Structure formats: C-alpha cells, structure tokens
Amino acid sequence: MNEIYLAIRRFLHYRFSLHEDNAEESDTIESIRKNVEFKGANLWTLIFAIFIASIGLNVNSTAVIIGAMLISPLMGPIMGVGLGIGINDIELVKKAVRNLAIATVISVITSTIYFWITPLHDASSELLARTSPSIWDVFIAGFGGLAGIIAVTRKEKSNAIPGVAIATALMPPLCTAGYGLASGNIYFFIGAIYLYFINSIFICVATYLIVRYLKFHKKEFEDKAYEKRVRRYILIIVLITAAPSVYLAYRIVDRSIFENNARAFIDKELIYTNTQVITRNYRYSRKGNQIDLLLLGKELTALQIDSLRKKLPAYKLEKTKLNIRQGLNAKNELDFSQIKASILEAVYKKDSTAKGDAYQDINMPIPDLSNELKSLYPDLANYSINNIEIKHLDTNKRDTVTLAFLNFSKPMSDAEKVKLQRWLKSRLKPDSLKLIFDN
C-alpha cells in the first residue's frame, strides 16, 4: 500500500511540479521589474493599443479587439504589484501601483478622446459586454493570472502570455470606461472600471500565490506589525472586490433559471387552438418575478387563467406572478388595428425596397438582448421581439416582419426612438423591423 502511495506521489510530482524548468529567481524578478514602468516605447504602445481596441469596440470587431490585447503592455505593472507583495518589496509595489495608475488614466483619456470624436456613437454588443462584471470575470482573471505568472517563471518562454492578455481582457474595459465618459453614461463607466479592477486585483493575487509557492526569497521587514498590517489590507481589498461580483453572478444565474422555467411553462401550458401568445415578457426583480403575457384570439376564461396560475409551482415558479392581458378593449392594451397597421406598413415598405424574393425564416432565433437593452435604456420595463409571418392572399407570397414591442417606464423622445430602431436593425439585421412602444 505504501508503494502505491509513493508511486502516485512520484507521478503527480513529475507531471505537476513547477520546479523542473523554473528560471532563476533573479531572472524572473528582473524580467517583471523591466515591464513595470510606463514611459517611452511602452507608453506609446499602450496608447496605440487603446486606439485599436476602441476602434474594434466601436465597429464591433472581435478580431481587432484581440489584436489590441495582444500588443497591450498592461500586464507588467499588475504582475509587479503581485510580485512585490509576494517578496515583501514595498518599493516595487509602490512603483507598480503608481505606473498602473498612470497607465489606467492615460488609457481612459485616450479612449474618451476617440469616442468623443468618432462619428459612430451607438453602443455595440462588444461594448455592452464589458459593463456588467460577474463572478466568472473573477475566475477568468484568477486562472489567467496563474497561467501568466507560471509562464513568466519558466526558462523557456511560451505563448501563454499573449493568451493571458486575451483571456483576462484588460483593454476592453478601459475603452468601455472611456466610452461611458464620452457618452455621459456613468453606469457604463462604473461597470467597466469595476471589471478592470477585478481583473487587475486577481491577476495580482494569482501572481502572489505562485511567487509564494515557488518560495521566492522575501525581504525582511524591520517592523513586523507593519508587515501584518500590509497583508491585512491586501486581504480586505481582495474580499471587497470579489463580494459584489459573487452577488452579481448569483443574480445572473438566478435570472437565467427563472427565464428558462418561465419559457418552459408558456411553451407547454399555453397551447390553445384559437388563442395565441403574441408577446411574452419576463420581469426579474428582488420584489418578485412576473410573467407578462399578451394574448390574441379567443379570450381565456377566469377558470382557465386560475388553472394556469396553479400550475406555476410545477415549474419552480412559486413566487412568480402571472399577468395575462387579453381583449381588444382592455385598459393600457395595444389595439389590434394598431398592430395590424404597423405590420402592414413595414411589409409595404419592405416590398417597395426589396431587391428579390428572399424569404427570412420565421423560426430564426432572436438573441436575448435583455442585458444590452437594459444597459442602453435603464427605463425599459419589458420587451418582446418576434418574427411574424405575413401572407399575401392575392399572390400567396409570404413575408416576415420582425416586430419589437417595448414598454418604458418613462416616455421616449422621437430622437431616442429613431436611435433605438437603428441599433436594433444593426444588431438583428432583420428583413423588416417595426417597433411598437407602450409607454
């Protein structure tokens, strides 16, 4: 039994040891030190990378954004902070923090200038993706930082560092923060800076862990109480940074579960021959979740609606309120003639400009735009986007119109409506799009 244990231990040590091809400690420290300071070529490289990343975010090009991350030198001072903490080199920590702050400020100013002068002001999906950090960003930064510092401590350098730069994605949040300042959207700025802060903190933590695992020699503090105080501050910063992201991740997962259950409930229970669900909205809230449905056709009886509500617990929707709106004369309800007129208007407009008889598949999935729309329009209460088929009785020709129903807590201006329609067209690329507002 002891021989088996030793064999397993030898195997694990052989496969997972980080000491085999470890570079000299002094070489690793010097390598990180050289990349800490931002001046001259390093600073200009950073500025150019920020411009490239800003353009990529602006035109929604993932390839361009990846290119910017590959040439970005931001990892240097962040690893410098982690190394300084790991070896008790407070001067290195101060120098790295100072240079990281300078790089961050210059990056945000550069991206702000770009987004201020660019003629393209709509928020792309790549931009919006950097405004809502979650626990997954903590994991990505942590694992990316571990991979990065392990690569730096090897004798033979691998391609891990460019990969870490892409995975941890330090550049896009800074550019998004600049977009937030240029567009006056403080929520974009706060969300993006927080994401950047998460990435930086956990790359530092990962660097510290590997430095300690490899037993780099520490500098001795003369004041032991000061050493303990510094470590306590570092732990507090890590916890404060991680806690909100854990909460955000819980909310994201919980919302996803609610929407999946609500979708299953509607698809399985609301199957009627003469009644159709025309719009469905899922309202996720701390005060209580709601499913809001708009039905057309034969009205459901009170008994049928009550039966539906009793089935909610079977789909784990016990605390969910079911709102069913039906009937052409209901208050605050869309008039059927309005829907019909809007669809026909869109179809005729499409017919007059169509270059061919290409037909868009009505079953084409509509992506979930909840997070993007909520980031762009905080006053949006609920929405529904569906592909609706129009059949011409005289020619038997079919057309598909993408109908967007949007409900805002505050009325929108005409200019905002036009901007929203332009963004949806760019995002969904429908054959024909019609917006209906219910304020």
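Filter the cross-link list Lys268/Lys410; Lys298/Lys321; Lys316/Lys417; Lys287/Lys429; Lys298/Lys374 down to pairs whose alpha-carbon distance in this structure exceeds 29 Å.
Violating the 29 Å Cα-Cα cut-off are Lys268/Lys410; Lys316/Lys417; Lys287/Lys429; Lys298/Lys374.
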Students often get this wrong: which residues of the range 173-201 have the backbone nitrogen under 11 Å from the point 7 angstrom along Cα-to-C-beta of Trp116?
181-183
Distant-in-sequence amide H partners of Arg154 (H built 1.01 Å from N, under 5 Å)
Ala23
Between Thr279 and residues 5 or more places away or on another chain, the pairs with built amide H atoms under 5 Å apart involve Leu294
For the range 53-69, Karplus-derived ³J(HN,Hα) couplings (6.51, -1.76, 1.60; θ = phi - 60°; whole Hz; x for glycine and proline) come out as 5, 5, 5, x, 5, 5, 9, 6, 10, 5, 4, 5, 4, 4, x, 5, 5
Cβ-based exposure ranking for Val81, Val230, Val418, Val401, in which fewest neighbours within 10 Å come first:
Val418, Val230, Val401, Val81
Of Phe188, Ile198, Leu174, which is farthest along the charge dipole of the range 166-229 in the positive direction, counting Lys and Arg as +1 and Asp and Glu as -1 at C-beta?
Ile198
Residues whose modelled amide H sits under 5 Å from the amide H of Thr400, counting only those 5 or more places away in sequence or on another chain, are Gln360, Ile390
Global form of the range 250-333, assessed from the alpha-carbon gyration tensor, a/c cut-off 1.5:
prolate
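Just so you know, all these numbers are worked out from the coordinates, no wet-lab data involved. As the structure is a computational prediction, the values presented were derived from the model and not from experiment. For neighbour counting, all protein chains shown are included, and Cβ atoms are generated from backbone atoms with ideal geometry for every residue, glycine included.
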